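Data block below; observations after.
The values are calculated or read from the model by the stated rules, or taken from the named source; none is laboratory data. These numbers were taken from a predicted model, which means no experiment stands behind them. Cβ placement follows ideal geometry from the backbone for every residue including glycine, while neighbour counts extend to all protein chains displayed.
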Amino acid sequence: MNGRIGSDVEHAAALLRSGEVVAIPTETVYGLAANTFDEGAVLNIFTIKERPSFDPLIVHIAERDHVMRVAKELPQGAQELMDAFWPGPLTLVLPKRPEVPDLVTSGLDSVAVRMPAHPMTAALLREVGVPLAAPSANPFGYISPTTAQHVADQLGTKVPYILDGGPCAVGVESTIVGWDPQQRRWVLYRPGGIPVERIEALIGSVGMSDPSKLHMAPGMLESHYAPHKPVHVGDVSALLKRYAGRSVGVISFSTEYEADRCEMLSVDRDLAEAARNLFAVLRELDASDCALIIAEQFPEEGLGRAINDRLRRASAR
Ligand code: TXA
Ligand code: MG
């Protein structure tokens, strides 16, 4: 039974209702889900991931108006953001209702919430009938999973069921924005699947999160999304010279390099395709014979910002 992979939504729902943790597909990455209001089940998520309790979870909902089950009020602009980008890879950090366990939000007075776009998980959320708290389904600090097999490889013995919804269509985590009551504006906590340019086109300029509050958003920790092997990001040709003689795996946008392995994320220079391939390629190179990984800097626009953010954190030690 341990680590069973399947596509039985009703089985997954029954497990979740009985207080179990289940791995679920979303359009961004796979999540490790539990009933938001069941503290024992939520505690299990932290145990399975070996996640520190100061790292709050994202709550996933089935319908836009279910947001009021976890949020106390909607700041200005929230409705526009929900209407434009839900279901989809945008997470809103909102003032929280007292019913949401402190464990879910790490004691913060805000809650992160999103409505995922994956049809199987949308059906699951409707079937379970409660919002599901879910971080990415990887051991804390490692690369996020974008297939059911990625989850099985690392957490297979620790979860009773992995709901297989195929490879993730977006491939990087949701963009996180939060309402800052002091600044009275939205701030960006994490670049992700919805380009920040699209958010700003809708609600005006978005601020940067305060680095002194970084402990509140460990997705923003300097080292995160990290393979076991060293990662270097920058000018690939220069880095290949510096590490000449070593066995190197290269991650590039669309240029072929002379290296032991060269993984082009998108021959057509399509950032969405590159984002979709990023984590699987990082995992492959991490499992390969290469001693180190060299990655190119992507265009700092649209999904390129999320890709560069993940590569930078993967390279931090
Ligand atoms: O795409 C996604 O967002 C995926 C899928 C599964 O939905 N989930 C995900 O969760 O990436 P996780 O736990 O790996 O990252 C969630 C990030 C964490 O860095 C956490 O600190 C931040 O969201 N977060 C959660 N609640 C927050 C809050 N109240 N204020 C600021 N940041 C918060
Ligand atoms: Mg994560």
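Quick test for you: out of ALA226, ALA217, pick the one residue that is in contact with a strand residue (DSSP E or B) (Cβ under 6 Å, 6 or more places away or on another chain), modelled with pLDDT under 95, outside the structural domain of GLU300 (by TED's automatic domain parsing) and not charged (D, E, K, R).
ALA217
Could you list all residues from region 48-101 that are exposed (fewer than 15 other Cβ atoms within 10 Å of the Cβ) and among the charged types (D, E, K, R)?
Residues satisfying the conditions are GLU50, GLU63, ARG64, ASP65, GLU73, GLU80, ASP83, ARG97, GLU99.
I'd like the full set of residues that are among the β-branched types (Val, Ile, Thr) and in contact (Cβ under 8 Å) with a residue 24 or more places away in the chain, limited to region 1-53.
Matches in region 1-53: ILE5, VAL9, VAL21, VAL22, ILE24, THR26, THR28, VAL29, THR36, VAL42, ILE45, ILE48.
Of everything in region 257-275 that's in contact (Cβ under 8 Å) with a residue 24 or more places away in the chain and over 25 Å from THR175 (Cβ atoms), which residue is surrounded by the fewest Cβ atoms within 10 Å (Cβ to Cβ)?
ASP260
Which of the residues spanning region 100-145 are assigned to a strand (DSSP E or B) and either more than 15 Å from ALA13 (Cβ to Cβ) or hydroxyl-bearing (Ser, Thr, Tyr) (or both)?
Within region 100-145, SER110, VAL111, ALA112, VAL113, ARG114, ALA133, SER136 qualify.
Which condition number does VAL59 fail, the rest of (1) within 17 Å of the chain's Cα centre (by Cα); (2) modelled with pLDDT of 95 or more; (3) part of a loop (DSSP other than H, G, I, E, B) being met?
Failed condition: (3).
Output the number of residues of region 230-289 satisfying the condition of being on the phi > 0 side of the Ramachandran plot and either among the acidic types (Asp, Glu) or within 23 Å of the chain's Cα centre (by Cα) (or both). Write out each step before concluding.
If we filter region 230-289 for residues that are on the phi > 0 side of the Ramachandran plot, which is where we start, we get 234, 245, 269.
Narrowing the set further to residues that are either among the acidic types (Asp, Glu) or within 23 Å of the chain's Cα centre (by Cα) (or both) leaves 269.
Residues that pass the stated criteria total 1.
Inside region 235-317, counting only strands (runs of 3 or more DSSP E) that do not spill past its ends, which hold 2 or more residues that are of a type outside the set (A, V, I, L, M)? Break it down into steps so the answer makes sense when it comes.
Numbers: elements: 248-252, 261-264, 292-296.
Where strands (runs of 3 or more DSSP E) fall fully within region 235-317 and carry at least 2 residues being of a type outside the set (A, V, I, L, M), they are 248-252, 261-264.
Looking at region 71-92, is at least one residue closer than 26 Å to PRO139 by Cβ and not in a loop (DSSP other than H, G, I, E, B)? Don't jump to the end; show me each part of the working.
At the first step, the residues of region 71-92 found to be closer than 26 Å to PRO139 by Cβ are 89-91.
If we keep only those that are not in a loop (DSSP other than H, G, I, E, B) as well, we get 90-91.
For region 71-92, residues closer than 26 Å to PRO139 by Cβ and not in a loop (DSSP other than H, G, I, E, B): present.
Scan region 104-111 and give yes if some residue there is buried (at least 23 other Cβ atoms within 10 Å of the Cβ), within 16 Å of ligand 2 (Cβ to nearest atom), among the aliphatic types (A, V, I, L, M) and in contact (Cβ under 8 Å) with a residue 60 or more places away in the chain, otherwise no.
Yes, that holds for at least one residue.
Mind listing just one residue for me: the one in region 149-177 that is buried (at least 24 other Cβ atoms within 10 Å of the Cβ) and out of contact with any helix residue (DSSP H, G or I) (no Cβ under 9 Å at 6 or more places or on another chain) and, of those, farthest from ALA316 (Cα to Cα)?
Ranking the qualifying residues of region 149-177, first place goes to VAL151.
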